[in-house]
Amino acid sequence: MEDAGALPIEVDVSNLNMGDVIDVYPYKGEVRKPRNRRTAGDLRNWKTDVLIDEVRAGGRIPLIIGRGLTTKAREALGLPHSDVFRQAKDVAESDRGFSLAQKMVGRACGVKGIRPGAYCEPKMTSVGSQDTTGPMTRDELKDLACLGFSADLVMQSFCHTAAYPKAS
């Protein structure tokens, strides 16, 4: 749900009853009962610090696209890094090593490895597809604001279709 821009609320509901009306104040981190203005829940422990930005953007993908466009535009204009977007807090340091998967994701994020609960946005340098399913794929990519690939390598194997490229 949160990837779609929904705000997941996890609070202790022991002091709420069926039919209670509540007011949610996400920036204050509170859930209140409007009738007596008492606090009915504490929202300050979000799963990630960027969750509110994800909701404001309408989902994680629009946030990533918007943050990327902002960064590239500011670089092109010679402006310093923007502090408009919240930054995720680093997870606690550990002397344990990384699994191979943690190392692979870490490499794509420009760090040694990624710990559970960490937030990162991997930089994609290649795009692979076994085939194209026609307009559906193009429409899906347009929905993600992908009108072209900026990856270093884009590969399409056509292994699931009879529409192989023909020699001229």
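Bear in mind these aren't lab numbers, they're just calculated from the coordinates by the rules spelled out. Keep in mind that this is a model prediction, so the values were computed, not measured. Here Cβ is always computed from backbone atoms with ideal geometry, including for glycine, and neighbour counts include all displayed protein chains.
Pairs exceeding a 25 Å alpha-carbon distance, out of Lys28/Lys112; Lys47/Lys72; Lys47/Lys103; Lys33/Lys89: Lys28/Lys112; Lys47/Lys72; Lys33/Lys89. The listed peptides 72-79, 45-52, ordered by packing as a protection proxy, come out as 45-52, 72-79 (highest mean of other Cβ atoms within 10 Å first).
With θ taken as phi - 60° and the Karplus curve 6.51 cos²θ - 1.76 cosθ + 1.60 applied, the whole-hertz 3J(HN,Hα) list for region 16-32 is 10, 10, 4, x, 5, 9, 10, 10, 10, 10, x, 6, 7, x, 10, 10, 10 Hz, x standing for glycine and proline.
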